[in-house]
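A short write-up of the structure that comes next.
Just so you know, all these numbers are worked out from the coordinates, no wet-lab data involved. Since the structure is predicted, the reported quantities are computational estimates derived from the model, not experimental observations. All Cβ positions, glycine included, derive from the backbone under ideal geometry; neighbour counts span all protein chains shown.
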Amino acid sequence: QKLDHFTPEDTRTFPQKYFELLDYFEPQRGPMFLVMCGETSCPGGYAQLTSDVAKEFGAAVVTLEHRFYGESSPFHNLTVDNLKYLTIQQSLLDHAEFIAFYQKVINAKFQKDGDNPWLVIGGSYAGALSAWFRLKFPHLVIGSWASSAVVHPILSYSAYDRQMGITAGPECKRVLQNVTSIVEKALLENGTAIKSFFDPNAVKVNVDFLAYVAEIIAVAVRKELQRHVFVLSSDLFRFATIQAQSGRFNQLCTSVLNASATNNATKLLVTKFIFHVQSPNYQWAWKYQVCTEMGLFRVSSGPDGLFSLQINTQYYLDQCSQMFGQGIRPDVTTTNLLFGGAKIAGSKIMFLNGSEDPWRHASIQNITSSFSEPSFMLDCHSCSHVQDFKTGC
């Protein structure tokens, strides 16, 4: 793949990984489903869903790994000078070049002429990419399936915190707010002791620890992972194990409520998630995209929010400066100018959002839906992020 699509004299290239599923492909009439991977290493992209749909339509499924993620990074050393090639527009052109390349591969493989119809598919950031791709390259693809697509970058995204409070429900919301306030107080009284329980080398600054707690709450409420949550109380760090199963957030809240009721008044309640640890490059590359083009800082929504008020816009801007240098901040104004933001003017882009997804307020949630601009809301007890891509939906 070309490193820089905007500088013809720069002839540097890098290997970009892709996957293909041709089991059900009907070469003469079948469509091509181009699945966009987004901000992570790519395992092949929504395998069960795309396999089922490919079988129904006689389609080929091909998945392209995003530049700078997984095995498709042009550089081993992700300096700011190297990361300047990690942009939305560079990625969109990667996919445009790939369509031209892979259509030739298919034609040669099946000894055919002409182009197959292409459809782009993606979820979350990749959902936004798929919508933006249809917007910018309507001559290359017939439509876009944009699940939980964050097409409207916002610098200070307080709607995330606010939606989580709604999803949690009044009683559980009060418990999670209590978690935040107790942790804030405990950090002031003896921050070293609290942080050292987790990892004294990883969390140095109090506000970083509060951001860590906010992330724990966020993952729990989003119900995206099937993991264990540990509840820590101040009476000698007694543990109670809670199963937080996907789509069973009420069970988590019930357990937290029970733990809260049984502990004494001086309890310290901290939730600790066992996260799937991403590679450092994943974190660094995505943080660069957040700090340059995407924003969507998950700030507190105010005194009634779940997050600490210390998790504010300046906190994130300081992080961007510390990581990538002074002056680095998200230019969401330009991103929205390029792609339309909440007023994206593309056609045949199917937006789908879950009713409980905290990211849906950065997507398209039209009250009316039409053939040319379809928009749907999946409304159910566990309809969270990219819910339509999950089996059993």
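Just the number, please: percent antiparallel of the DSSP beta bridges in the stretch 1-157, rounded to the nearest 5.
Looking only at bridges with both residues in the stretch 1-157, the antiparallel portion is about 25 percent.
How charged is the neighbourhood of Trp132? Take every other residue with its Cβ under 14 Å from the Cβ of Trp132, and add Lys/Arg as +1 and Asp/Glu as -1.
+2
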